[in-house]
Amino acid sequence: MSDPNVLLEAHAVAKHFGGVKALHDVSLTIRRGDIYGLIGPNGAGKTTFFNCLTGLYRNESGHFVFDGARLAADAPHKAAAVGIARTFQNIRLFGNMTAIENVMVGRHLRTRANVFGAIFRNRATRNEEAAILRRAEELLHYVGIHERAHDYAKHLSYGDQRRLEIARALATEPKLLALDEPAAGMNGTETEALRLLVEGISRDGVTVLLIEHDVKLVMGLCTRVAVLDYGEKICEDVPAMVQRDPRVIEAYLGGSVA
Amino acid sequence: MNLRFGKSMPWLGVVLVAVVLLAVPFVAALGGQAWVRIANFAILYIFLALGLNIVVGYAGLLDLGYVAFYAVGAYTYALLASPHFGIHLPFWMILPIGAALACFFGVILGAPTLKLRGDYLAIVTLGFGEIIRIFMNNLNAPINVTNGAQGITLIDPIRFGDFSFAQTGHLFGFTISGPQKYYFLLVALAIVVIVINIRLQDSRVGRAWQAIREDEVAAKACGINTRNVKLLAFAMGASFGGIAGGVFAAMQGFVSPESFSLMESITILAMVVLGGMGHIPGVILGAVLLTALPEALRYGIEPLQRMIFGRMFLDPESLRMLVFGLALVLVMRFRPAGLWPSSQRRRELAEPAD
Ligand SMILES: Nc1ncnc2c1ncn2[C@@H]1O[C@H](COP(=O)(O)OP(=O)(O)OP(=O)(O)O)[C@@H](O)[C@H]1O
Ligand SMILES: [Mg+2]
């Protein structure tokens, strides 16, 4: 009964912190293959939306339907299991593990070796371990940081850390990749490389949900954009239309585009 | 892992260690069987500390009640192999039962509490350790299960058919005493737990533990069911505690609640922390040092005091606490990652996480 082209539907999701309405009945629809932009001024509730979606926060009302099924609230590992992977605005890597180990952790979900496998190192476990390593290497290549594979995550440059986070997220084989300000703190060249990476990810069949303050990047990259302001969705459309919406211009874009 | 003795001749290291391990009980016996027993306890503590290392070192869960699982294992053995109930099961049946029971208690304790973090978990586990001890102390009425504070005596030694670990025997022309036999059994067990520790470290589960220790939120976002994975660490640690308890009961022939005090939990934890959390050679070093320390005090300080002052000022027991505390403070001050930390732990403590 639900539209098979729709990957994610948010239904009137609300979340507040004390008196602060971080999200006020936000509904939106992300279709398969979208690069969906979520923009808005600081404190608009973008990250809170991610946190509710990925189960880190429990929304007070509303719910998400992902890939035709309702998402269980408050269970981050289940959100990952059904195919939602994310990165964090303030990068959260496993700093004292190497880049490749970080990505290998991302494979946890799609592999099954248990304690007995670990202790007895039977053939199945060894094969699986080799496959984990191979996949992690591929993903580091894919995001372009394979030469840093054996460096500790915390020693990578800022841009490389962002890429590593994306590689780790991709390791979970997501249907939806949610990126929280991936270009923050990047210079022009790095941002351009990121744009190409996100396009590549999209071409490879992963739907992307992107929070970003870099308006040029969002407008150039996204197929659809929603704008949040004080926890409310004030607009949702294709980038060209969003840029012209008077409420958006007032709340967020200001004089920069008008 | 960092157990290499020269890269060019790895076998030399193995042979060397094997020779030393073989020689220890015979050299120690020159000073009397008491020394062999001390060596046995050192190895038993290595076993215990490496079990706790999975919980504290790998998964980063501060468990202050580890001795509870040791007690469960010891009492399981005592009740199933002594005249107390007149049950005399063979050890190969009881040790797995003890491990399973300890594991069960680990899950019972862990399931509701593993949401707690750091200090809170430490307090709950500490309480649990005390509860188990108090139970052992008072479970002699209305039905006499544990025989209260008197403990349980005449526990069967470990026995393979006619080969009893309690008696002196002869093997290849050597005379081998009971404690020496236990020594070899304990070394075998310790090797097993070392291998398990090593293998867990680079495995899917081991990486998940490390990820949780590094950043629990990110670990969850990667799809790790952190509650189950932590519970797994807890249950595994508990099982090792249970096995160690069983061997302890068999070796001593006697158990009482006194052996399972909070101090014991703290000692085992101190072995892990002092040696180098998460680093196997470090934990082994910690266990050996902290087993040897009180013995050195007992045999060293007492004669020393008599020699210098002509009488005893400080009894070794209170001196032990003093030295123990001082050692911990000094190590934490000057080597916060432990005496022999893994390179990773050194990194963690060297640079603040960003
Ligand atoms: N854990 C929390 N506790 C209390 N208030 C919070 C919490 N998380 C977010 N908020 C509040 O909710 C509102 C929305 O925050 P959110 O982080 O979602 O904004 P954002 O759109 O991601 O902003 P930015 O662009 O700065 O990242 C803000 O007013 C913020 O202070
Ligand atoms: Mg944000």
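The values are calculated or read from the model by the stated rules, or taken from the named source; none is laboratory data. No experiment lies behind these values; they were computed from the predicted model shown. Neighbour counts run over all protein chains shown; Cβ positions are idealised from the backbone, glycine included. Note: areas computed on protein heavy atoms with side chains; ligands, DNA, RNA excluded. Shrake-Rupley method; radii C 1.70, N 1.55, O 1.52, S 1.80 Å.
A few comments on the model shown:
- Integer Hz, Karplus 6.51/-1.76/1.60 couplings in order for segment A:89-96, x for Gly and Pro: 4, 9, 2, 10, 9, 8, x, 9
- Built amide H within the under 5 Å cut-off of A:L38, gap 5+: A:L210, A:I211, A:E212, A:A226
- For segment B:171-220, a decrease in accessible area of 40 Å² or greater in the assembled protein chains relative to the isolated chain, with a 1.4 Å probe, applies to B:R199, B:R204, B:R207, B:E214, B:D215, B:V217, B:A218, B:K220.
- Rolling a 1.4 Å probe over the heavy atoms of the protein chains gives segment B:28-349 an accessible area of 42 Å² per residue.
- Diffusion coefficient (Stokes-Einstein, Kirkwood radius over C-alpha pairs, 10 °C, 1.306 mPa s) for segment B:15-140: 94 µm²/s, rounded to a whole number.
- Over all projection directions, the Cα-based convex hull of segment A:84-173 averages an area of 5.8 nm².
- Interface size, chains A and B: roughly 3000 Å² of accessible area buried, both sides included, 1.4 Å probe, rounded to the nearest 100.
- Solvent-accessible area assigned to carbon and sulfur over chain B amounts to 69 percent, based on a 1.4 Å probe.
- Mean-position separation - Cα centroids, segment A:86-108 and segment B:112-136, in angstrom: 31
- 3J(HN,Hα) from dihedral phi, segment B:89-106, Karplus parametrisation 6.51/-1.76/1.60, rounded to Hz, x for glycine, proline: 6, x, 4, 5, 8, 6, 4, x, 4, x, 5, 5, 5, 4, 4, 4, 5, x
- Karplus-derived 3J(HN,Hα), 6.51/-1.76/1.60, for each residue of segment A:75-86, Hz, glycine and proline x: 9, x, 5, 6, 4, 5, 5, 7, x, 10, 10, 9
- Taking each of A:K15/A:K175; A:K154/A:K233; A:K21/B:K230 in turn, the alpha-carbon distance tops 27 angstrom for A:K154/A:K233; A:K21/B:K230.
- The accessible-area ordering, largest first, of the residues B:M307, B:M332 stands as B:M307, B:M332, per a 1.4 angstrom probe.
- Cα radius of gyration and Dmax for the protein assembly as shown (Å): 29.5, 98
- Range of Cα positions in segment B:28-349 per principal axis (Å), largest first: 58, 52, 46
- Taking every protein chain into account, the accessible area of segment A:84-173 amounts to 43 square angstrom per residue (probe 1.4 Å).
- Relative to the dominant Cα principal axis of chain A, helix A:158-170 is inclined by about 80°.
- Charged neighbours of A:N122, selected by a Cβ distance under 14 Å, balance to +4 (K, R count +1; D, E count -1).
- Net charge, B:A49 excluded, C-beta distance under 13 Å - Lys, Arg +1, Asp, Glu -1: -2
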